[in-house]
Structure formats: structure tokens, C-alpha cells
1. List every residue pair whose Cβ atoms lie under 6 Å apart, where the two residues are 6 or more positions apart in sequence or sit on different chains, the first residue falls within region B:43-57 and is at negative phi and surrounded by fewer than 16 Cβ atoms within 10 Å (Cβ to Cβ), and the second residue, located anywhere, is modelled with pLDDT under 75 and among the β-branched types (V, I, T).
2. Given the options B:V190, B:V184, B:V217, B:V201, name the one that is assigned to a helix (DSSP H, G or I), surrounded by fewer than 20 Cβ atoms within 10 Å (Cβ to Cβ) and among the β-branched types (V, I, T).
3. Within region A:57-74, take every residue that is surrounded by 15 or more Cβ atoms within 10 Å (Cβ to Cβ) and at the interface with another protein chain (Cβ under 8 Å from one of its Cβ atoms) and give me the one that is nearest to A:A144 (Cα to Cα).
4. Of the residues that make up region A:39-51, is at least one within 14 Å of another protein chain (Cβ to nearest Cβ) and polar (S, T, N, Q)?
5. Any residue in region A:84-107 that is within 18 Å of B:W210 (Cβ to Cβ) and more than 8 Å from chain B (Cβ to nearest Cβ) sitting within a Cβ distance under 9 Å of a residue that is of a type in the set (A, V, I, L, M, F, W, C) and crowded, with 17+ Cβ neighbours inside 10 Å? List the pairs, counting only those 6 or more apart or interchain.
6. Considering each residue of region B:80-94, count those that are part of a helix (DSSP H, G or I) and over 18 Å from B:Y139 (Cα atoms), and give that number.
7. Could you please find all residues in region A:45-69 being without any contact (Cβ under 8 Å) to a residue 12 or more places away in the chain and at negative phi?
Amino acid sequence: MTKTYPKASRPSLDNVSVSIEKGEFVFFIGPSGSGKSTIIKLLLHEVTPSNGKVIVNSRDVTAMRSWKIPHFRRSIGCVFQDFRLLPNRTAYENVAFALEVIGKTKAVARRVVPEVLELVGLGGKEHRYPHELSGGEQQRVAVARAFVNRPLILLADEPTGNLDPDTSIEIMRLLDRINRTGTTVVMVTHDSNIVNQMRRRVVEIESGRIVRDQARGVYG
Amino acid sequence: MRAKYVLSEVMVGLWRNVTMSIAMIITMAVSLTMLGASGLMYMQVNKMKDFYYDKIEVSIWLSTDATAEQRTSLESSLKADPLVASVIYENREQAYNKFKSMFQDAPDFISAVKPDQLPESFRVKLKDPEQYDAIFNKYKNTEGIDEIIDQRRLLEKIFNILGSVQQMALVAASVMAVAALLLVGNTIQVAAYSKRREVAVMKLVGASNWFIQAPFVLEAVAAGLMGAILGFGALVLAKVLLLDGPLRDLTELLTPLEWGDVLIMFPLMAGAGALVSALTAWVTLRFYLRV
């Protein structure tokens, strides 16, 4: 699969082919601009490949009709470096929002949200606003929001990029726990410490090409 | 739950940018008032045509020095004419009585006129009112005739005036509609911008497109409906304060404007306002909320 952005001199991803099994935990690593974030965007159908196919849950995302995309995205959870929480809503409301906008009732939210906040270790902080939480706690809220709908796949785009090393490790433990529930985790990072500690599959990308694909790999 | 969510989003949306919302509603109201007024005028003109075209006649005025002979020969030829449906003769005395009742508010004017100064006339009803020219050409050179007048011509002048007023109202309605459209577009852009974080999260977690767009579209529709209500209120006020007030005599001379017709304008205005706003909002969102 190839992705060339308009006006770019070379493809962001050049003839890349990766297959990820259900329940796997995969790191995509590589320097800035290597094209690793493009993988997340492709999986979310935020961008479409110039060439080739993106297949998720044995469905060809590239051929998917645009009105089916929202439904497709419900099977994917997403976490970002900048958390993307709504500043005027509490931790509880941020997570419940994700449920309510896909048509779940308030009753469902009341049952599920405290559970998932407990799971990410935010029990007792449900009613704090994002600015009253530390960076690590905010990312936990984001993870809770991504996971509350029990997605099959969790995409994480440099989730530890804004966090100190200790907090990063905690977030990784959380992602690991989520992975153990059977959720596939795809994480883009350039945090070598974390990759080395986790010892999971590592796919290294450089200038849009895969240069290494190693089970239980390390960074560099 | 969802309906309540969407409704509260609409109210919050309109309130967030309240000056813009008011501007949008006012332009919408003015445009829809013009549209409603133009619709009413159109219906009125049609109604007047139905009402008067039934009654119109060709008046043949005899010159004051016409002889009785000329009169009877004209009468018999008119009665024999295949184009004519009926003929009524009006003598000087009848003309004078009619004149008196027409100008009863001006006794000085009446006393200045003697019955023998008024001409005799024939009121001719045609089988087909369009055939006026044939009648005119046939009798214009007949001895003793002073003037042949087709009432239809007079009416058509009035209808033409009403028609051009109606067209002016339509043009004004369209110009205001353009302003209203631009304001709707702008309001929706501002709303989409102020809710960009929510929209981003909604897209991310897979909210359906209609769920993301509905509050914005409904915000525009709500403004359109409020504009229609205001515009309808303006029409009602115009009828009560103007047509039933100072312009009463004019409206009675023409056919009076009925409440039923005014009421019919409301669904038209509300429909136009809501539909146009919804379409504008939807098109704007296609540019500003790419999914």
C-alpha cells in the first residue's frame, strides 16, 4: 500500500505491507516524518491510500462507502499525544459523551462509565475537569473514552509523547492490560525506553519503507 | 434523550452567537414578509380578475345630439349582433341617478350637473370579452356614437400596476433572501468553529454524520421558522393596521383581502424559510465539517 500526500515530493508510505493479527500488540517506530502516523490515519479512514488496500476486520476500508465509516469507527478506539479531551466536561462526561453521541442511553453510560474509569485507575476522580487532572490522568481519561465502547482495536498515536517517563510506564501498563482483554493495540511511538521495556512486536519505518519487522523487538 | 440533546444544542447554538442569530432572523423575516406579500398580491389579482371579468361590459356612449332614430337602429343592430350577449340601455335620467349616488358625498358637484348633460349609453355584455376589438371596429363609425369604452382596459391598467408591485416585492424578497443565506452560512461556520473540539471527538468515536450535523442544520431551521413567524406577524399587522384601517376604502373598491388567504401564507413562508435555511446549513457543513 502506498500513500502520497498531495504536494509531497515522495510518498509518505511507499509500498508498505503489514499484517496484524487479532489480539496483537504492535509498535510502529521510526523518526519524525517517517510516515508512522499516516498508518493511524489510514486505519481510521481519515485519509485514503493512493494505491493499495487497507483491510480491517476482514473488511476493505478503502472501498467502504463514506456513510458507513462512522459505524466502522465504533470498532476502533483512539488515543493521541494531545489527549483531545473536552475542556468543559468532567472526566465522567468526557467518557459518557463518546457513548451518548453514538446513541447509547444515559442509563448505559451510568452503568459503564464508572466501571471503565475504575479500570483506568481514576476511581474517585470522575467529576474533575481536565485542567484539574495531571497529564497522566488526562491520558487515562482519553484511554477510558477510547475503550468504553469495547473496541476491537485500540490505536495510540504517541500516547506518551507529552508524559514523563514514570507516567509513561503507567500508561503502558494500562494499554498492556487492555491488550490482555483481547483488544488489538497498535501504537505509534519514538519512545525507545518504552519499546525496550515492553518487548513486543516492533515494525520500524524509515522514509516510508519498512526496514524491520521483529517479534519481541527493541528500539534501534 | 437524543431529541432532547439535539434541541438543547440548538438553543445553546442560537444563544452563543446571539447578535448574529438576531440579524439572521430579522433578514429572514423581512425576506419572508416580502415573499408572503407578493403571494397575497398574486392571489388577490387572480381573484379580482375572476370577480370583475364576469361583470365587465363595453360602454357605448351616445353623443348628446344623437337622435332617437340613431339610438333605435343602434340598439337593434347590437341586439342582432352574434358577438353580443346582452344589451342594456341607460337613459339620461338613469345616468343622472347613478351619478348622484356615485357622488353623494359631493352635493355641490351634483347640483352643477343637469340630467340632460349626461349622455345616454348602452351597456353591452360580450359573449367573449376578448372580442372587444371586433365590436369597436364594427361600431366606431356609426352615427351618433361619442365613445366606446372597454372596462376591461381600465381594469387591466390596475392589474398591471398591482402586478408590477408584486414583482417588486418578489425582487426585494430575493435580495433579502441572499442576505439571509449569507448570514445563515456565516452563523453555521461560527457554530461549527466553536464546536470543533466536540465535532472532532464525535467523528473519532464514530457518531453518525446526521447526528453531528443535525444540531447545526436545526439551528438554521429554527432561525428560519422564527423569521417566518415574525414575517407572518408583520403580514397580520399590515392587514389589521393598514388594509383594514386607513386603506379600507381602497381594499373595498378592489376585492377585500380575506383572513383565509393571509393564513395560507404562513405554511408557505415557514416552508420556504425552513427549507432554504436547512439547505444552506447543509451545504455550508459540507465545506466546514468534512467527515
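The values are calculated or read from the model by the stated rules, or taken from the named source; none is laboratory data. Since the model is a prediction, treat every value here as computed from it, not as a measurement. Virtual Cβ from ideal backbone geometry, glycine too; neighbours counted across all protein chains shown.
1. B:F51/B:T255
2. Numbers: B:V184 fails: surrounded by fewer than 20 Cβ atoms within 10 Å (Cβ to Cβ); B:V217 fails: surrounded by fewer than 20 Cβ atoms within 10 Å (Cβ to Cβ); B:V201 fails: surrounded by fewer than 20 Cβ atoms within 10 Å (Cβ to Cβ).
B:V190 is the lone residue from the list that is assigned to a helix (DSSP H, G or I), surrounded by fewer than 20 Cβ atoms within 10 Å (Cβ to Cβ) and among the β-branched types (V, I, T).
3. A:R74
4. Within region A:39-51, the subset within 14 Å of another protein chain (Cβ to nearest Cβ) is A:40-41, A:43-48.
The next check asks that each one be polar (S, T, N, Q); those that pass are A:48.
There is at least one residue in region A:39-51 that is within 14 Å of another protein chain (Cβ to nearest Cβ) and polar (S, T, N, Q).
5. Cβ pairs passing all conditions: A:L99/A:A109; A:L99/A:V112; A:L99/A:V113; A:L99/A:V148; A:L99/B:V205; A:K104/A:A96; A:K104/A:A98; A:K104/A:V112.
6. As a first pass, look at region B:80-94 and keep what is part of a helix (DSSP H, G or I): B:80, B:92-94.
Okay, now just the ones that are also over 18 Å from B:Y139 (Cα atoms), so B:92-94.
Result for region B:80-94: 3.
7. Taking region A:45-69 first, the residues without any contact (Cβ under 8 Å) to a residue 12 or more places away in the chain are A:46, A:55, A:58, A:60, A:63, A:65-68.
Within region A:45-69, A:E46, A:I55, A:D60, A:A63, A:R65, A:S66, A:W67, A:K68 qualify.
Yes or no, residue by residue, for (1) among the polar types (S, T, N, Q); (2) at pLDDT below 80; (3) outside any helix (DSSP H, G or I):
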{"position": "B:Y42", "(1), (2), (3)": "no, no, no"}
{"position": "B:Y52", "(1), (2), (3)": "no, yes, no"}
{"position": "B:T64", "(1), (2), (3)": "yes, yes, yes"}
{"position": "B:P119", "(1), (2), (3)": "no, yes, yes"}
